[in-house]
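J.: First the structure, which I've put down as structure tokens, then a few questions once you've had a look.
The values are calculated or read from the model by the stated rules, or taken from the named source; none is laboratory data. Fair warning: this is a prediction, and the values are worked out from it, not measured in the lab. When we count neighbours, we look across all protein chains shown, and the Cβ atoms used for this are built from the backbone with ideal geometry, even at glycine.
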């Protein structure tokens, strides 16, 4: 993967970025996504942020290598603290992190007034997708697109949201309101694996010396949901 040939995961994320928008890519990883979007004329401006000095320097060098310093600003900052309201950001991408961390980044950004309420959020959690959906619903962001796909034997989900009031059931938050309706083959593949994993964990808990009834009940509930959804 380089700034011209993106991974399938980043290509998918790029496909949800509207043309001629101002992008903030949080945890930018060499700025591959904003560089690609700028070179292909998709965006007009970007902020590529990193929280650690080493990745920040590498991202800065990659932007400089492509002669895009006038269009892509590399900033060092913790999550959404790297952006400000006067940046007039249209799209925020946060990808390749756990769902809990993404939700924490969004919450901190909200508390510190880094979200203008007009931006599109394109989120790609590696795990814990339900935490992201809970945060979106609880903070009046409506999910309007979801995607699920496989790359190099790993299954990814993308959640795209904008301001809007929506209510999702527990199961919709767990599986994804659009994904549970579409039920692509890769969706079944993911939840067949998740069912096996949850059964193993439940089995271990049931054999444990110190019982954890609450966790067992949650796992059993999720197992029942998955079994029902997997009925084709």
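J.: Taking the condition at pLDDT below 95 and either touching a strand residue (DSSP E or B) at 6+ places or on another chain (Cβ under 8 Å) or surrounded by fewer than 11 Cβ atoms within 10 Å (Cβ to Cβ) (or both), does residue 210 pass?
T.: Yes: the conditions hold for residue 210.
J.: Among the numbered criteria (1) in a helix (DSSP H, G or I); (2) loosely packed, with under 15 Cβ neighbours inside 10 Å; (3) in contact (Cβ under 8 Å) with a residue 40 or more places away in the chain, which one does residue 54 miss?
T.: Answer for residue 54: the failing condition is (3).
J.: Take residue 145 and decide whether it is exposed (fewer than 15 other Cβ atoms within 10 Å of the Cβ), closer than 18 Å to residue 33 by Cβ and at pLDDT 95 or above.
T.: Against the criterion (exposed (fewer than 15 other Cβ atoms within 10 Å of the Cβ), closer than 18 Å to residue 33 by Cβ and at pLDDT 95 or above), residue 145 qualifies.
J.: Go through the residues of the range 63-79 one by one and say whether even a single one is in contact with a strand residue (DSSP E or B) (Cβ under 9 Å, 6 or more places away or on another chain), within 23 Å of residue 9 (Cα to Cα), part of a helix (DSSP H, G or I) and free of Cβ contacts under 8 Å to residues at least 40 places away in the same chain.
T.: Within the range 63-79, one or more residues are in contact with a strand residue (DSSP E or B) (Cβ under 9 Å, 6 or more places away or on another chain), within 23 Å of residue 9 (Cα to Cα), part of a helix (DSSP H, G or I) and free of Cβ contacts under 8 Å to residues at least 40 places away in the same chain.
J.: If residue 149 satisfies every condition in (1) free of Cβ contacts under 8 Å to residues at least 40 places away in the same chain; (2) more than 22 Å from residue 21 (Cβ to Cβ) but one, which is the exception?
T.: Status for residue 149: all satisfied but (1).
J.: Now, a different point. Would you mind finding the one in 117, 176 that is touching a strand residue (DSSP E or B) at 6+ places or on another chain (Cβ under 6 Å), over 23 Å from residue 8 (Cα atoms) and not assigned by TED's automatic domain parsing to the domain that holds residue 224?
T.: Exactly one of 117, 176 is touching a strand residue (DSSP E or B) at 6+ places or on another chain (Cβ under 6 Å), over 23 Å from residue 8 (Cα atoms) and not assigned by TED's automatic domain parsing to the domain that holds residue 224, namely 117.
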